[in-house]
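Enquirer: Structure incoming, see below.
Every number here is computed from the coordinates shown, using simple stated rules; none is lab data. Predicted, not measured: the structure shown is a model, and the values here were computed from it. In this analysis, Cβ positions are derived from the backbone assuming ideal geometry, glycine residues included, and neighbour counts consider all displayed protein chains.
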Amino acid sequence: AQTIHQWPVAEIKAVGSPLSLGCTIKGKSSPNLYWYWQATGGTLQQLFYSITVGQVESVVQLNLSASRPKDDQFILSTEKLLLSHSGFYLCAWRLTGGARDNYAEQFFGPGTRLTVL
Amino acid sequence: GDSVTQTEGPVTLSEGTSLTVNCSYETKQYPTLFWYVQYPGEGPQLLFKVPKANEKGSNRGFEATYNKEATSFHLQKASVQESDSAVYYCALMSNYNVLYFGSGTKLTVEP
């Protein structure tokens, strides 16, 4: 069975400090991977997606960047945190190949809670 | 651009009453529509999806019909339970890799 793991579970950081959040998918090869941000009490906003190692597309940047160093790993980072970066960060995956509709849904990880002070 | 609009504000119901959460969407492409549910402190879970116009999706007593003419995808349940308390999101996918979520509707069901 596939599992999705995000780390850390929660983080408290100072404004201006760097950040690195990670996501690992086990049990599926070559999934499409996604990063989302959710402000407290707000909706989910897609930030990035990746369809293959080394390739990342931006949807909304929010002064963040993403990388996919391995097939099963997706990293979200910034060199300088802003107060507005606080929120819940979610990684998601979906299967690739086959008919579009059969593989359309995304599956979400447990999330990382980020507080910027 | 693509967008999703759903019922604003929290909804409080008594157990056994019916639920409707309105969702409308805009896209010039051919969408797949979803309803997701999110419990506190967790990532969203897929409730169901409907990839084809004028078809219905359902799961756990919830259902929604993809109405292409009205560009709507309202969530309904005939009789809610306390365990249905959660935040519900309507979502639209108009290409393979971008998913647009509505603002979310927080449902509280009182015993």
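Enquirer: Please arrange A:Leu76, B:Leu99 by counting, for each residue, the other beta carbons lying within 10 Å of its beta carbon, fewest first.
Expert: The order, fewest Cβ neighbours first, is A:Leu76, B:Leu99.
Enquirer: Related question: Between beta-carbons, use under 14 Å as the cut-off and find the net charge around B:Phe62, counting Lys and Arg +1, Asp and Glu -1.
Expert: Local net charge: +2.
Enquirer: Too long at a 22 Å Cα-Cα cut-off: which of B:Lys56/B:Lys77; A:Lys26/B:Lys52; B:Lys28/B:Lys49; A:Lys28/A:Lys80; A:Lys28/B:Lys28?
Expert: Cα-Cα > 22 Å for A:Lys26/B:Lys52; A:Lys28/A:Lys80; A:Lys28/B:Lys28; rest within.
Enquirer: Which order do peptides B:46-59, B:22-35 fall in by mean Cβ count within 10 Å, highest first?
Expert: Packing proxy ranking, top to bottom: B:22-35, B:46-59.
Enquirer: How big is the C-alpha Rg of the stretch B:1-67 next to the rule-of-thumb value 2.2 N^0.38 Å, as a ratio?
Expert: Its radius of gyration relative to the 2.2 N^0.38 Å reference: 1.22.
Enquirer: How far is it, in nm, from the label point at B:Asn59 to the one at A:Thr96 when both lie 7 Å from their Cα along the line to the Cβ?
Expert: So the label points at B:Asn59 and A:Thr96 sit 2.4 nm apart.
Enquirer: Which residues in the stretch B:2-21 have a backbone N closer than 12 Å to a point placed 7 Å from the Cα of B:Ser85 along the Cα-to-Cβ line?
Expert: B:12-15
Enquirer: May I have the pair-distance distribution P(r) for the stretch A:1-100, computed from all Cα-Cα distances with 5 Å bins from 0 and rounded to whole percent?
Expert: All Cα pairs considered, the percentages come to 3, 13, 24, 25, 19, 10, 5, 1, 1, 0.
Enquirer: Count charges around B:Leu13 for me, please; just the other residues with Cβ under 12 Å from its Cβ, Lys/Arg as +1, Asp/Glu as -1.
Expert: Values: positive: B:Lys77, B:Lys106; negative: B:Glu15, B:Glu82, B:Asp84, B:Glu110.
Cβ neighbours under 12 Å give a net charge of -2.
Enquirer: With only Lys, Arg, Asp and Glu charged, each at its Cβ (+1 for the first two, -1 for the last two), find how big the charge dipole of chain B is about the Cα centre; round to the nearest 20 debye.
Expert: Details: 8 positive and 11 negative charges, 75 e Å.
That gives a dipole near 360 debye.
Enquirer: With Cβ to Cβ distances under 13 Å as the rule, what net charge do the other residues near A:Trp93 carry (K, R +1; D, E -1)?
Expert: In short, +1.
Enquirer: Which ordering of B:Arg60, A:Arg113, A:Arg68 is given by a fewest-first count of other beta-carbon atoms within 10 Å?
Expert: With the fewest neighbours first, B:Arg60, A:Arg113, A:Arg68 line up as B:Arg60, A:Arg113, A:Arg68.
Enquirer: Follow-up. In whole Å, what is the distance between the alpha-carbon centres of the stretch B:1-18 and the stretch A:30-88?
Expert: Between the Cα centre of the stretch B:1-18 and that of the stretch A:30-88, the gap is 28 Å.
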